[in-house]
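Have a look at the structure below, then the notes.
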Amino acid sequence: MNYWHIQLHPDNKLHVDTIKSILTTKQVIGMGESWEDKNGNSVNDPKWFKEDMKIGDVVMVRDGSTPIALVKVIGNAYVEPNTDDNFDWFRLRRPIETLGIFGKDEKKLLKQTLLNYGKNHIQAPGTLTYCNGSNATNDFIVEWHKLSNHKRLMENIKLTPDRQTQIKTLWDKFKEDTKEQQRCEGFDELLEQWNQYRDKITNNTLTLDEYTNTLSNSTATMPGGYLCNFLERTTRNNLGSSKPGNANNFEVKLNEDNQTYYIKSQKKTNANRQEAEAFFNDKIKPLLTKIVSASAPLDKIHLIENANYSAKQILMKLAVLENLTDILQIYKEESIEDLYNEFIDSDTKSVFVKNHQVCVVAKKILDVNEQDKNELILLSRFLWRFVNSKAIADINSPNVILYGPPGTGKTFSIKRDLDFVCQGDTSRYEILQFHPSFTYEDFIEGIKPKGVSKDGNIRFELVNGVFKNFCIKAKQQPTKDFYFVVDEINRANLSTVFGETLSLLEKDYRDDGSRKHLIKTQYSTLIEDLINEDKEKYKHLAYEIDNNEVKFGVPQNVFFIGMMNDVDKSIDAFDLALRRRFNG
């Protein structure tokens, strides 16, 4: 990707609003097909516009030295025969996408950039200018592009405000629960070790032995023995696991005989030292130097993405060491894809760019302090757990019993795990405690006192129990998993509490939407009568109405977790009919 700036008006200047209108309605930039300079020589601008400007290049549209808009080229050059001399006068054109209009934030950015260079305005020679080198104009365009990307990314956040609040609450609790010494112990030392490699990479003194070696060799003297092992293993505790698949994916590897080398792209399994040195110096060292030297995180990412290098997750670890604030320490593609799909509504293709974008969005949503390396490291650990947490119950074992000594925090542990399994959505799990007086009416449905009437009599109503309401809620969201947790499950009379619904817990009798595993309960007929009297008032009492019959079922996406103490683990304390339906 290259940067340019262009002036769109002919000798008779167009109003800035007219130029903006051209960009938004015609979605093109352009110029005349040819013209001559003051000396009568043909200018090169049309040639550059047609041939040198590439699809994907970013162009600042200006009015003299005043910025108007930032656009991205999305098509090849073409000639438009039908033009309007007072509007889109230019015949030579390129299709564009508008990235941003010069406004308040951009003015602030421009002022700061000009101040850094001691300038009063941007330099704007000629009609079309290629940005090459460091100056106020070029730096401003690059920074504007970053700003526009950030704004567009924030506009594409998929999470609702409520969902953002849920995740933020989960993040705050995660930070609170993580002990200080567990955060980034040894990270400062790790950075010092990395700087030893970094210095050698930047001054071009990194040797083949310092890149690939075996730990038992006397030449393996750098931190972690050698760079590949340092990136793969030494950094793992602080910056996550970035497994390369196998060591051959480092492209050049010292074999176990400590004499020959494996060179992957050349398909050489027993290359000599001279061949390995040549490959390392020609291919590996320049790549490492470019990645380390690139200042912007996206520049590093694009270098990694386009590299002819198999273990790209290892290169991402290198980029993380350089840009802890901008790249997540998560190297598993599936995890990044899942996070991206959860957080962002966009069509970015590169998983490496997605990593960066999720990092930017997560920092914003979670209010991460970028100056605190503890928080930056915790952010990746939090997101990894957020996207990879698995419940102990699943589709193959939907009912589970957990045993443990009393007072060991089983309930706390389950709630903490479910917070992550449900990704902060507390509506997807319910935790209650059974006791001897807990009944079918509390659990499924029944007639219960509901206040006192005007004449002083106790008023009774038919109400749904906690488990039935939970099943109704889960049925309405079939793509999400729901978890019903009962502490001290053995303290209630379980056969009475479950009643005829006991069989519905079995995996093969769960409600799959076909209605074949639905049953009538003891209060189904009464609910039918109430619905016939007033459907709107009483329809909430029905799990399902099947041919005018009220029925109940347990959805496939409901997972039942029971907990009991070790001291109560006996065949008498837990009904045999229930025990065979639970994994313990």
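Quick note: the coordinates plus some simple rules give every number you see, no bench work behind them. Just so we're clear, the structure is a prediction, and the values are computed from it rather than from any experiment. Methodologically, a virtual Cβ is constructed for each residue, glycine included, from the backbone with ideal geometry; neighbour enumeration extends over all protein chains shown.
Key figures
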| read-out | value |
| --- | --- |
| Pairs beyond 32 Å (Cα-Cα), from LYS26/LYS107; LYS168/LYS448; LYS410/LYS537 | LYS168/LYS448; LYS410/LYS537 |
| Which of MET60, MET564, MET154 has the fewest Cβ neighbours within 10 Å, and the rest in rising order | MET154, MET564, MET60 |
| Burial ranking of peptide ranges 490-501, 264-275 (average Cβ count within 10 Å, highest at the top) | 490-501, 264-275 |
| Three-way shape call for the stretch 229-292 based on the alpha-carbon gyration tensor, with the a/c threshold at 1.5 | oblate |
| Cα-based Rg / Dmax (Å) for the stretch 106-198 | 21.5, 60 |
| Counting all C-alpha pairs of the stretch 164-387, share separated by more than 24 Å (%) | 45 |
| Tail weight of P(r) past 31 Å, computed on alpha-carbon pairs of the stretch 399-579, percent | 20 |
| Over the stretch 3-155 - Rg/Rh using Cα atoms and the Kirkwood inverse-distance radius | 0.95 |
| Pairwise Cα inverse-distance average, inverted: Kirkwood Rh of the stretch 145-286 (Å) | 18.5 |
| Spatial separation of Cα centroids for the stretch 182-261 and the stretch 41-59, in angstrom | 44 |
| ASP529 versus THR18: modelled label distance in nm, points set 7 Å from Cα along the beta carbon direction | 8.2 |
| Helix 104-117 vs. the chain, principal-axis angle (Cα, 0 to 90°, nearest 10) | 40 |
| Mean shadow area of the chain, taken as a quarter of the surface of its Cα convex hull (nm²) | 42.1 |
| Order of LEU14, LEU115 under a 10 Å beta carbon neighbour criterion, fewest first | LEU115, LEU14 |
| Fewest-first ranking of HIS150, HIS517, using other Cβ atoms within 10 Å as the exposure measure | HIS150, HIS517 |
